[in-house]
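Structure first, then comments.
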Amino acid sequence: MEHPVPDASPSSSGRARELLPTASPAETLASVRALLRPHRALALGGFTVMVGATAVGLLTQPLLGHIVDLVAGRHDAAALTLPVLLLALVAVVQGAATTGGLALTSRLGETVLAQLRERFLERALELPQERLEAAGSGDLTARVTGDVARVAEAVRTALPELARSLLAIVLTLGALALLDWRFLLAALLAVPIQAHTARWYVRNAVPLYAEQRIATGAQQQQLLDTLGGGATVRAFRLEAEHTERLSERSWAAVLLELRGVRLILRFYSRLHLAEYTGLAAVLVTGFLLVRDGSATIGTATAAALYFHSLFGPVNTALVLLDDVQSAGAGLARLVAVADLPAQPPRERADAARADGPAVLVTGAGHAYRPGRPVLQDVDLVLRRGERVALVGASGAGKSTLAKLVAGVHRPTSGSVRLFADPPPGGGPVVALVTQEVHVFAGPLAEDLRLARPGATEQELSEVLARVEALGWAEALPEGLRTVVGEGGHGLDPAQVQQLALARLILADPPIAVLDEATAEAGSAGARLLEQATARTLEGRTALVVAHRLSQAATADRVLVMDGGRVVESGTHDQLRAAGGRYAALWEAWSDARTESHHRTTAPLI
């Protein structure tokens, strides 16, 4: 597999992006063979039917040649009846067989493509978060949209047509040889020009289409960065700079497209030269053979028609090289990700011990960029059933530690070990809920069942009641069958968080990690969400990144972080009495509550 090539354009952080890998041609071919291997019977059936359809179609030219001979010999009109009926029969049989062959070929292609998409998605979801961040969301987005679309289009149209065209070329050349080997030699005069044209095109098209896919990914990345950071761009008056960057990347993609158009125009001009050369050679050969009495006019006519019938398949095959090369470039990018080694489970859970910890973090460190650690030498023990709160200033490393425990990131030093048995119905031993919760488009009940596919209506109602969400859920226009998410019924931030907590209960992991899971609720829903969170965490080991110090006050233990290290640890009362960082935070938070007349809703800064 080819090594990732850094994108020449920097990311928003100023670093060159390290794109996801691209497979070599040999690796791509090997992967496709592996995907096809379980479907050999379907492939053989489709190939056999296509060969039969093409062979039947080749009877058309001899029949037309026979009609020419009958007319030239001034035979009775009745003699034309049988050849004409046979022509009609050939057309019907060829049409039916071609339809069946194309259906089998398309079924094979769609089946293999579906398997490739599934494997690609599986591997993409397993990639470490930092690897995706290094590549940029634009690279992955371009692969799952543009590359998949190009490959899918090739599977549905280009590949079946290419297979049929190649069969027609081979069998037609064989038919020419049966008429007279000299017709075949004349027709083969076009082959050197066509072969040279094909080699020239492939040599230039392969790198061009690879550049186009990379340029499209860079363009999408810039667009995503600009739209995602729109508020910041406007705040710092960077609209012109970002517009210029987007324009540069878009223009680079356009220039590559124009290069592709010029390449295709030159490609067509060379094909026309090959066609004229071959047809002229066949006509001259036919004239000479008829003059010498070696062939009839009908035979010469059939030979000319055979070669003329090659125009379509040859042009189709060579023109489809354009689609095949473009799809091949996309396929190499999909295969490279799909064939990445399977990642081990992010949460390596050992069997739970009654007297042992649930989570053991030893000397853990993490750095998003080399040389700039976010966490340093963190030691942490979470006892079974214990709820621990993480507090500290922004940038202290709280969310990073939470994601290490949840398995989203892997430590760059040290280790994170989990000791827990999986849920009775199977599933993860640790689950993460953040303030950024996605509501999937579809019925609310199906959104909940993502956590437990077999959950009954009664079970869904019970978990919604447990997080104080059953009332508003049943009040929706169609109850739990109401479509939510994009294009559906909108949910407010507190309802979205309740939905996330309900999913957590359904998944039933023994270890839960909450990263400011109530931060988006605002003052009105904070108390309700904190009560729902307490019910959700009952009986679980929990690590909670506290957005409000009221969450820390009710925890079994509080860890205070600063500069990527744990600087204080103890209960709420112990830390207040110690007069350290936590005591200062609590005093400042309590004063802010008094001044603003909030009870438990002031955020921790």
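For the stretch 381-446, the square roots of the Cα gyration tensor eigenvalues, ordered a ≥ b ≥ c, give a/c of at least 1.5 with a/b no greater than b/c, which places it in the oblate category.
The peptide list 474-484, 255-265, 216-226, put in order of mean Cβ contacts within 10 Å with the highest first, becomes 216-226, 474-484, 255-265.
Under a no-solvent Debye model with one identical scatterer per Cα of the stretch 202-291, what's log10 I(q)/I(0) at q = 0.16 Å⁻¹? Calculated log10 I(q)/I(0) at the listed q: -0.77. With each pseudo-label sitting 7 Å past Cα toward Cβ, what's the V84-D562 distance in nm, one decimal? Each label point lies 7 Å from its Cα, and together they span 10.2 nm. Each Lys and Arg Cβ is given +1 and each Asp and Glu Cβ -1; about its Cα centre, the chain then shows a dipole of about 1240 debye.
In the chain, the C-alpha radius of gyration followed by the widest Cα-Cα span (Dmax) gives 34.2, 120 angstrom.
Here the Karplus relation 6.51 cos²θ - 1.76 cosθ + 1.60, evaluated at θ = phi - 60°, turns the backbone of the stretch 235-242 into coupling constants of 4, 9, 6, 9, 4, 5, 5, 5 Hz, with x for every Gly and Pro.
Ordering L185, T232, V155 by Cα displacement along the dipole of the stretch 154-232 toward the positive end leaves L185 in first place; charges were set at the Cβ atoms of Lys, Arg (+1) and Asp, Glu (-1). Using the heavy atoms of the protein chains alone and a 1.4 angstrom probe, what is the accessible area of the chain per residue in square angstrom? Accessible surface, normalised per residue, equals 49 Å².
Note: relative contact order over the chain, using C-alpha pairs below 8 Å and six or more positions apart, is 14 percent. The alpha carbon gyration tensor of the stretch 458-503 gives principal lengths a ≥ b ≥ c with a/c of 1.5 or higher and a/b no greater than b/c, which makes the shape oblate. For G385, neighbours were defined as the other residues whose beta-carbon sits under 11 Å from its Cβ, and their charges (Lys and Arg +1, Asp and Glu -1) total +1. Largest to smallest in accessible area, the residues L113, L331 fall in the order L331, L113 (1.4 Å probe, all protein chains included). Here the accessible area is traced with a 1.4 Å probe on the protein chains. For the chain, carbon and sulfur cover 60 percent of it. Measuring nothing but how far apart in sequence close Cα pairs (under 8 Å, 6+ apart) lie, relative to its length, the stretch 120-232 scores a relative contact order of 57 percent. Think of it as helices only: each DSSP H run of n ≥ 4 in the chain is worth -39500 (n - 2.57), and spread over all residues that comes to -20000 deg cm²/dmol at 222 nm. Counting only Cβ charges, +1 for Lys and Arg and -1 for Asp and Glu, the dipole size of the stretch 57-162 around its Cα centre is about 200 debye. Look at where the Cα atoms of the stretch 415-430 and of the stretch 131-207 average out, and the two centres are 50 Å apart.
The values are calculated or read from the model by the stated rules, or taken from the named source; none is laboratory data. As the structure is a computational prediction, the values presented were derived from the model and not from experiment. Quick reminder, even Gly has a Cβ in these numbers, built from the backbone with ideal geometry, and neighbours come from all protein chains shown. Heavy atoms of the whole protein, side chains included, go into the accessibility calculation; ligands, DNA and RNA do not. Shrake-Rupley method; radii C 1.70, N 1.55, O 1.52, S 1.80 Å.
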